[in-house]
Every structure is written in C-alpha cells, then in structure tokens.
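*Asks:* Let me begin by handing over the structure; questions about it come next.
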2 protein chains.
Amino acid sequence: MSINSRFTVAIHMLVLLSLNENKYYSSKFIAQSVNTNPVFIRRILSSLVKANLVTTQLGVEGGASLAQPAEQITLLDVYRATEPESLFTLHHSEPNMHCLCGRAIKPILGSIFTEAEMALTQVLAQTTLAEVKQQIQNNTL
Amino acid sequence: MSINSRFTVAIHMLVLLSLNENKYYSSKFIAQSVNTNPVFIRRILSSLVKANLVTTQLGVEGGASLAQPAEQITLLDVYRATEPESLFTLHHSEPNMHCLCGRAIKPILGSIFTEAEMALTQVLAQTTLAEVKQQIQNNTL
DNA sequence: AAAACTGCAACTACAATGGTTACAGTTTAG
DNA sequence: CTAAACTGTAACCATTGTAGTTGCAGTTTT
C-alpha cells in the first residue's frame, strides 16, 4: 500500500502553524483547513507532541503551536513522527525454511529495502517546513 | 501505511523461478516456498504476466517461468508491476480552498513526494534478480 | 478419460483508516 | 465562580485493503 495521509495531513498542519508561530491554532480551525474532523487532527497532533515538534495549550484560546522554529523542522522529522518504522512489509507469513530461497531471502531483501528507504528519507531530510511555507507564500503572488 | 507484502512475495517468487529458468514452477510449489496459498500466488503472477516478467503454461507440468533473463529484470520492474502508481497518499478529502495553505499545498507536496519516490525507485533499479539470486546462493556456502 | 495445471469469481476473516459521538479535565473570560 | 472554548482519549461505526479458502470452467499432458 502507500504512505498514509497522516503524513500529508501532518505537514499541512505544521505549515499552517508556521504561518504564525506565536499563535495557538485550535484543532477545529486546523480541521477546517485540512477538511477533516477535529479528532483526527488531535490524534495526529498527539504524535507530533511526542516527537517534540508541537506544543499544545489547554483551555480557552488554547490549541497547537510549533515547538521548534520552522527552519529546524524537516519533512523527515514529520515522517518519523507519523509513519511506522519500516516502509516495506516483509513476508506476511514466514517463508518456508526448507527451501533455499525461503531461508535466505529475508535478510537480503531487508538490506535492499533499508537502502531504498534511506534514499527516500534523505530527500525528505532536505526540505524544511520553512521552505514549504515559503513556496506556498510565493505561489499566491 | 506501508508497501505491500505483494512486492516482497513477487521478488521471492521470481528469484525462485530464476533458479531454473527453463522450468515451469506450479503455483502450489511456489506457495509452499513462500508459505502461503496458491491463489494468492496466482493473483500476483497475473500482475507479473501483464508486466511481461513471467509467462505461464496451462495444463499438466505447466506453471510459471521467467519471461526475461534474470539479469534483465530489476527490482524496480517488480515494484512497478505489483505496487500502485504513487507511494504517498495525498489528502483523503480535498483541503479547504478558502485557506491559503489548503489551496497551495497539494502541488508542492506532490513534487516533493515525486522526488522522494524517485530516489527510492532508483535504488530498486540498481538491483537485478540475478544479483539477488547470486547473494542467496553465496549465503548457503 | 484422468490428472495436473491456470485463471478467475465469490466468500470469509481480519486489520487499518478515517469519521463520529461522548466525556473528563483544563484554562480563560465575564 | 460559572460558562465557554479548548485538549486528550476512548468507544464505536463504515469503508477499504489484505490474505485465506472454496469452487469451478478451461487447458494440456499422459
């Protein structure tokens, strides 16, 4: 399958927060921009808080705000916070150990998959939230 | 989410076929090596046939065989045959066009995601079935 | 004619995704 | 000090994807 929309939504949210880093944005407000429901937003926010990308404030006028400057947050940080450990699913059921192929294939594919995933994450590490924000703002000129 | 085990299973199958390129392997035999059921194998085979990586033979002593030499089949070919078009899921529901962020973010993320996926596919393109087979055979010395 | 296959449809079980409701707890404004 | 606006989280639902299973028509070899 594919990388969850959680990742896409998380970036969307964080870019939104970066538009005014001193403001707390409510999950309801964010949900309207993303066009989804506030609970889904709060679930993702929960992951982002754990990864120390966002801080939240309870109560009236509360909400979420960036925990770090947008220049310091890369898309890889967001990816790590929202996506599971490994991108590739190895075998659903353990291969047959009586078969040459079954015995040896897992570690070999594992290392190729790790290499491929690293190539992907390196690209994500090269882009910061601030750059995405900048592109969005240029787009509207 | 993550990349389906279909991809992993497809590689497993093809490496198995590469052990003897002149033989037809039945879906039952392949299923035993992968430790799954023959129908699941035939469903994946169907995709591989469409991608011209495999030919099948009906009847007694029939089964599947590589349609190309193992040296010419890369993991990227297998990836393309078994995985959907795009790895990343953009928004589940369309973002709010009344929001600066909602309007502009999709194409920007789209191009970053394309770049990231290309980095991944380039790694997959560098490995052929023959190389995986070679590693498996070395492994058992 | 029997046996060994593919190809495919139909049905099932299970897990993941995202939407919805509900509610306890926190904070601010009045 | 109470009402309102928030977060955080659990519970439940609908939908979809994944993989397993059964069944059967059609093909090929013996």
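*Asks:* Hey, B:ILE112 hits all of (1) under 19 Å from the mean Cα position of the chain (by Cα); (2) within 19 Å of A:VAL9 (Cβ to Cβ) but one; which does it fall short on?
*Replies:* (1)
*Asks:* Another question, then. Could you check the range A:79-99 and list, in sequence order, the residues that are free of Cβ contacts under 8 Å to residues at least 12 places away in the same chain and open to solvent by 50 Å² or more (accessible area, probe 1.4 Å)?
*Replies:* Listed by number, the residues that qualify are A:PRO84, A:GLU85, A:HIS92, A:GLU94, A:MET97, A:HIS98.
*Asks:* Output the residues belonging to the range A:19-62 that are within 13 Å of DNA strand C (Cβ to nearest atom), within 12 Å of chain B (Cβ to nearest Cβ), open to solvent by 50 Å² or more (accessible area, probe 1.4 Å) and not in a helix (DSSP H, G or I).
*Replies:* Across the range A:19-62, the qualifying residues are A:ASN35, A:ASN37.
*Asks:* Mind checking which residues of the range B:63-78 are open to solvent by less than 50 Å² (accessible area, probe 1.4 Å) and under 13 Å from the mean Cα position of the chain (by Cα)?
*Replies:* Answer for the range B:63-78, where residues must be open to solvent by less than 50 Å² (accessible area, probe 1.4 Å) and under 13 Å from the mean Cα position of the chain (by Cα): B:ILE73, B:THR74, B:LEU75, B:LEU76, B:VAL78.
*Asks:* Right, next: Taking the range A:63-80 on its own, how many of its residues are over 16 Å from A:ASN20 (Cβ atoms) and away from DNA strand C (no atom under 16 Å from the Cβ)?
*Replies:* The number of residues fulfilling the criteria is 5.
*Asks:* Using the structure shown, decide if B:ALA10 is of a type outside the set (Phe, Trp, Tyr), within 14 Å of chain A (Cβ to nearest Cβ), assigned to a helix (DSSP H, G or I) and surrounded by fewer than 20 Cβ atoms within 10 Å (Cβ to Cβ).
*Replies:* When the stated conditions are applied, B:ALA10 does not pass them.
*Asks:* Okay, moving on. Looking at the range B:63-141, what helices (runs of 4 or more DSSP H) fall wholly within it and have at least 3 residues that are within 9 Å of another protein chain (Cβ to nearest Cβ) and over 19 Å from A:SER111 (Cβ atoms)?
*Replies:* B:100-125
*Asks:* Residue under question is B:ALA51, and the condition is that it be within 14 Å of DNA strand D (Cβ to nearest atom), small (Gly, Ala, Ser) and closer than 30 Å to B:HIS91 by Cα; does it hold?
*Replies:* no
The values are calculated or read from the model by the stated rules, or taken from the named source; none is laboratory data. Since the structure is predicted, the reported quantities are computational estimates derived from the model, not experimental observations. Reconstructed Cβ throughout: ideal geometry from the backbone, glycine too, with neighbour counts over all protein chains shown. Side chains included, ligands, DNA and RNA excluded: accessible areas come from the protein's heavy atoms. Shrake-Rupley method; radii C 1.70, N 1.55, O 1.52, S 1.80 Å.
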